[in-house]
Every structure is written in structure tokens, then in C-alpha cells.
1. Got a sec? How would A:34, A:69 order by Cβ neighbour count within 10 Å, fewest to most?
2. Please compute the average number of Cβ atoms from other chains found within 10 Å of each residue's Cβ in peptide A:24-36.
3. For a quick protection proxy, order the peptides B:58-64, A:74-80 by their average other-Cβ count within 10 Å, most packed first.
4. Cα extents of the protein assembly as shown along the three principal axes, largest first, in whole Å?
5. Enter the Cα centre distance for the pair the stretch B:1-21 and the stretch A:50-89, rounded to the nearest angstrom.
6. Sort B:68, B:30 so the one with the fewest other Cβ atoms within 10 Å of its own Cβ comes first.
7. Please work out the ratio of the alpha-carbon Rg of chain B to 2.2 N^0.38 Å and round it to two decimals.
8. Based on the alpha carbon coordinates of the stretch B:1-65, what radius of gyration and maximum Cα-Cα distance (Dmax) apply, in Å?
């Protein structure tokens with residue numbers, strides 16, 4: 001039994017990354033597409049629940065994002081080469097899919113603002129997919145159990161204020 | 001192919017570098033393709049890249065929502081439609097749809113909140129009068145149309161009886 005299944009604290013998943021200069025245009029803007037690219041590099045959460053490369057290959061399974069919502073706190077303050085931290089919180093799941101919110105915050109020594117300041121969020125629903133027919137399919141019981149344990153742990157952080165938003169003026 | 005009552009001012013096709021390990025167009029590149037559709041809209045209403053360059057402004061993404069409705073593959077022809085949902089002094093609310101233009105299915109939608117801001121300070125800059133008038137004219141025409149059901153969505157897992165287990169993007 002893993003620590004997660006034993007009910008020990010897991011905490012949010014954290015990962016350090018660097019905003020690559022090639023993601024900025026000539027005017028120094030980090031384009032939204034590249035913001036998505038950073039978030040799409042995924043977190044330790046995928047490995048934690050067992051969605052490893054080996055699992056995908058051996059079982060002909062993969063994951064597809066079906067819906068996404070992103071918010072950008074300060075559109076122009078990201079800097080090429082800036083160190084950022086990505087944290088990942090599991091919000092919800094069922095047998096076939098899960099709902100997470102990734103947050104990008106400034107790293108230590110940031111030129112654009114204070115370390116820890118939230119820069120952007122990326123909220124997604126991801127389907128577990130059978131690559132034979134490219135349709136969603138149930139996760140194995142052990143994976144669902146890991147997600148349930150993770151959700152029980154992450155619920156103590158509360159729902160992020162950026163979750164569940166609509167776009168509008 | 002059904003004609004859309006929305007603007008049709010952009011098209012394209014799926015480039016080889018947009019394909020990921022799942023063999024389909026990667027999530028980040030949908031956002032990139034939609035940014036090109038936004039640039040086409042900006043140029044259509046007189047806010048060309050040259051004009052923004054001269055004014056020292058940019059149109060920045062503040063918030064976005066993407067639905068991934070059906071996969072597209074390398075080389076697929078794409079057609080975009082754009083609905084102008086609202087405009088104020090410096091912000092713009094749009095809804096793009098992306099169709100695969102061989103089999104004519106909806107592949108993805110992107111709802112965006114954009115802000116016209118100063119590249120120097122990041123502060124809001126009012127749209128030029130002619131641009132605002134052009135956007136208002138389109139928004140007025142589009143206000144008479146039914147709102148697409150993919151607009152105004154929130155990300156989440158919907159628990160309805162026999163929840164849809166769609167193929168996903």
C-alpha cells in the first residue's frame with residue numbers, strides 16, 4: 001500500500017520550470033499558446049496516479065484534454081528565462097476523467113515581481129482514453145483509488161478562486 | 001458546408017510541428033491557431049500589427065476557455081468563425097470556432113477575453129474610435145444571433161444520469 005492509500009498527507013504537486021526565450025515574441029510577450037505548453041508538460045501528479053509512459057504503452061491507453069480554462073493575472077510581466085513554479089491541485093474525478101488546476105507562480109529572484117505571486121492558471125478536464133478506438137474508458141480500480149485518496153488530501157486546500165469561471169466582460 | 005452567420009476571416013491547416021505523441025494536434029497549438037484567428041479579427045477592424053506597433057500597444061489574452069470537441073490530424077484543412085460577444089473601452093470578448101474543413105465537423109472552440117494594453121506599462125489603452133465603432137457594429141449584428149451552447153461554459157465534471165462519455169478531442 002502506498003503512502004497515498006494509507007491516508008498520509010500528499011500535498012500539492014510542485015515543479016520548477018523556466019520560461020524559454022523562444023516562447024516570447026519580438027515584443028517580449030509570452031503568448032497564451034506557450035503558456036499552455038508549459039502547463040501541458042504536466043506534473044508529478046500523472047506519475048503519482050500511475051499514468052506513466054509504461055502504463056500507457058502496455059495498456060494502449062492515453063489521456064486527452066477535453067476542456068480547458070486559463071487565466072492570466074498580468075499579461076506582460078513574464079520575462080524570458082524567468083524561473084517559475086507550477087503547482088497542481090486535483091479538484092475532482094470520476095471513473096473516466098479528472099479535473100485539475102495548475103497554477104504558475106513566480107520563482108525566487110524573479111525580475112517581474114515577487115516570488116510566489118500567481119501569474120496564471122490552467123484548469124482542465126482530462127479523459128482516460130482507449131487508443132484502440134480513441135474513446136474515453138474507465139481507469140482501472142487501483143488508479144481510481146489513487147485519485148480518490150489524492151482528492152481527499154487536496155480537498156483540504158479548498159477550491160481555488162480561479163476554478164469554475166466563465167469568460168466575459 | 002453550412003455558412004456561418006459569424007465572421008469567416010481566417011483559415012489554415014494542421015502543421016506537422018503541431019502533432020504530439022498522441023498523433024493528433026496538441027492542445028497548445030489550438031490556442032496558437034485561435035490566436036491567429038484573433039489577429040485576423042483585429043486586422044479586420046483596423047487594428048493591424050503595424051498600427052499597434054506604432055501606438056506601442058498590444059492585444060493581450062486575459063482569460064480563455066477551450067473546448068476540444070474532435071481531434072484533427074496533420075494536414076487537415078481548418079476553417080475558423082468568430083463571434084464578437086462584447087466590447088468596452090479597452091476589452092474585447094470573442095468566441096471562435098474551428099472546423100475541420102474536409103469532413104466539416106466542429107473540432108474546437110475558444111472563448112477569449114482580450115485587453116488592449118500598453119507594451120511599456122501594461123496599463124489599459126482605449127481602443128481607437130474607429131476600431132471601437134467597427135467592433136461595436138459587429139457585436140450589434142451578432143447580438144441578434146443565438147448564443148452557441150459552447151459559450152459561457154465552466155470546466156468541470158458533470159454528473160448527469162448516464163453522463164456523456166464522448167470521444168473527446
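1. Arranged by neighbour count, lowest to highest, A:34, A:69 become A:34, A:69.
2. The per-residue average across the peptide is 5.
3. Working: B:58-64: 22.6, A:74-80: 18.7.
So the peptides B:58-64, A:74-80, ranked by packing, come out B:58-64, A:74-80.
4. Principal-axis extents of the protein assembly as shown (Cα, largest first): 65, 52, 36 Å.
5. Measuring centre to centre over Cα atoms gives 24 Å.
6. Ordered from fewest to most neighbouring Cβ atoms within 10 Å, B:68, B:30 come out as B:68, B:30.
7. The reported ratio for this selection is 1.09.
8. 14.6, 42
Every read-out reported here was derived from the displayed coordinates using simple, explicitly stated rules and does not represent laboratory data. The model shown is predicted, which means the values in this text are computed figures rather than measured ones. For neighbour counting, all protein chains shown are included, and Cβ atoms are generated from backbone atoms with ideal geometry for every residue, glycine included.
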